[in-house]
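Quick notes on the structure that follows.
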Amino acid sequence: VGLRVNHRFGSYEVEFLPLAPAFERLPRGSFVVTDQNVRDHWGHVIPKEFPVCTIEPGEQSKSLAVYGVVLEWLGESGADRKSTVVAFGGGVVGDLAGFVAASYMRGVQFIQIPTTLLSQVDSSVGGKVGIDLEAGKNLAGAFHAPAAVYIDVDTLSTLPERQLTNGMAEIVKMGLILDVSLADELAKGGIANLQPLVERCIRLKAAVVEEDELETTGKRAVLNFGHTIGHALEKVNGYRDVLHGEAISVGMFLEAKLGERIGVTRPGTAESVARVLKAQGLPLTCLGLHQTEELMQAMAKDKKALGGSLAFSLLEEPGRCKLVSGVSASEVKAVLNEAA
Ligand SMILES: NC(=O)c1ccc[n+]([C@@H]2O[C@H](COP(=O)([O-])OP(=O)(O)OC[C@H]3O[C@@H](n4cnc5c(N)ncnc54)[C@H](O)[C@@H]3O)[C@@H](O)[C@H]2O)c1
Ligand SMILES: [Zn+2]
């Protein structure tokens, strides 16, 4: 099974296949980047001939320091312009290794083998790669499309429950912004079979990304629904105690409220958003929500913010989303204060 994603320089295939054949398909001269958890569970499938760089698990590894370590490792290991960097892990490994691949010798081939639900449905497709800076998340990066994405949903069997739920947040987001029938299904609760769901989300994301690969028209920005507030929540929590999906879950709920408040979002939508999030075990509140000042400061540094005014991807109603700029800080503050 596969689907093809087009990008400015060509296209790539997203294929569903077990890990062992996926690794067999890797070209000679592959260099594998993974993290310690993934290596502990699945490291045995990596062919011995491939050099492996194992980073510490967690968002803290999406840093300039670790980026430097991986680049130096490629250099020391003799990687050349024909080498392939393989990201074997979750979104942290994918974003970091992808940025390494984008910049090593001005760019080498990159292949994704995502192992978390979040990375399978979201971060492995679309070509955005990067790291965090002290000033905020994902502030240094590039567009570097993979040459291939290999997905084995069986890798999710070792994923902790909390991480699985975390990935559901991006799936709920896809439904809310693009596919109301998906959102309705998710509002009913449990999902028995993950692969069709993953495939459906990738199709949705791929369609958006193909229309606005470099995020210039605002079309791709809809994928950031929940993320302006979500990223701020992650930041005030030091990227530790609140996971990305948990933060954007709270972000989606509050941005739905914000949308209602400023008249962009149909009244009652925040209720529907809350219902689907709850059905998937996702939070409507989290640590750090009372730190209004810090959150506002973090949002001012959001990549969508321009010249002092904030921009949000807001729902018009479930299934329809648009980028809204010029949102005044006082409206945002009011929503945060009400929630804290
Ligand atoms: N590039 C994009 O378009 C994009 C989109 C969404 C999110 N992201 C980024 O993705 C990152 C989050 O990704 P994530 O949620 O995958 O986090 P992650 O990579 O930190 O993985 C979560 C945890 O699961 C562990 N793990 C991974 N696979 C496992 C497995 N199969 N079994 C057991 N444990 C496993 C990891 O070691 C880690 O502890 C964030 O940095 C976010 O900004 C990027
Ligand atoms: Zn996200």
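The values are calculated or read from the model by the stated rules, or taken from the named source; none is laboratory data. The structure displayed is predicted, hence computed values, not measured ones. Quick reminder, even Gly has a Cβ in these numbers, built from the backbone with ideal geometry, and neighbours come from all protein chains shown.
Data overview
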| read-out | value |
| --- | --- |
| Selection count, the range 96-134, where residues are out of contact with any Lys or Arg (no Cβ under 6 Å at 6 or more places or on another chain) and either part of a helix (DSSP H, G or I) or aromatic (Phe, Trp, Tyr) (or both) | 17 |
| Among residues of the range 305-340, those that are surrounded by 21 or more Cβ atoms within 10 Å (Cβ to Cβ), closer than 23 Å to Glu134 by Cα and either within 19 Å of the chain's Cα centre (by Cα) or at pLDDT below 90 (or both), counted | 1 |
| Single residue of Gln120, Gln109 found to be under 10 Å from the mean Cα position of the chain (by Cα), within 20 Å of Glu213 (Cα to Cα) and either crowded, with 24+ Cβ neighbours inside 10 Å or not basic (Lys, Arg) (or both) | Gln120 |
| Where Ala145 falls short, out of the listed (1) part of a loop (DSSP other than H, G, I, E, B); (2) surrounded by fewer than 21 Cβ atoms within 10 Å (Cβ to Cβ); (3) touching a residue at least 12 places away in the same chain (Cβ under 8 Å) | (2) |
| Top-ranked residue in the range 80-128 [being among the β-branched types (Val, Ile, Thr) and within 16 Å of ligand 2 (Cβ to nearest atom); ranked as farthest from Tyr67 (Cα to Cα)] | Val121 |
| Residue selected from the range 212-225 under the condition within 11 Å of ligand 1 (Cβ to nearest atom) and touching a helix residue (DSSP H, G or I) at 6+ places or on another chain (Cβ under 7 Å), by the criterion nearest to Val129 (Cα to Cα) | Glu215 |
| Residue list for the range 226-240, filter: at positive phi and touching a residue at least 40 places away in the same chain (Cβ under 8 Å) | Gly226, Tyr239 |
| Failed condition for Gly189, given (1) within 13 Å of ligand 1 (Cβ to nearest atom); (2) touching a residue at least 60 places away in the same chain (Cβ under 8 Å); (3) of a type outside the set (Lys, Arg); (4) assigned to a loop (DSSP other than H, G, I, E, B) | (1) |
| Some residue of the range 236-245 being acidic (Asp, Glu), surrounded by fewer than 24 Cβ atoms within 10 Å (Cβ to Cβ) and at pLDDT below 95 | yes |
| Residues being touching a Phe, Trp or Tyr at 6+ places or on another chain (Cβ under 7 Å) and surrounded by 22 or more Cβ atoms within 10 Å (Cβ to Cβ) - total across the range 148-160 | 3 |
| First in the range 241-263 and within 11 Å of ligand 2 (Cβ to nearest atom), second anywhere and acidic (Asp, Glu), Cβ under 6 Å, 6 or more apart | Ala247/Glu234 |
| Pick from the range 114-142, criterion among the acidic types (Asp, Glu) and touching a residue at least 24 places away in the same chain (Cβ under 8 Å), ranking: farthest from ligand 1 (Cβ to nearest atom) | Asp132 |
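Conditions tested, residue by residue: (1) over 21 Å from the mean Cα position of the chain (by Cα); (2) farther than 15 Å from Ser119 by Cα; (3) within 16 Å of ligand 1 (Cβ to nearest atom).
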| site | (1), (2), (3) |
| --- | --- |
| Phe23 | yes, yes, yes |
| Val32 | no, yes, yes |
| Gly43 | yes, yes, yes |
| Ile46 | yes, yes, yes |
| Gly75 | yes, yes, no |
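Here's the yes/no breakdown for (1) in a helix (DSSP H, G or I); (2) over 22 Å from Val198 (Cα atoms); (3) touching a helix residue (DSSP H, G or I) at 6+ places or on another chain (Cβ under 8 Å):
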| site | (1), (2), (3) |
| --- | --- |
| Ser11 | no, no, no |
| Pro27 | no, yes, no |
| Gly43 | yes, yes, no |
| Lys48 | no, yes, no |
| Pro57 | no, yes, yes |
| Val66 | yes, yes, yes |
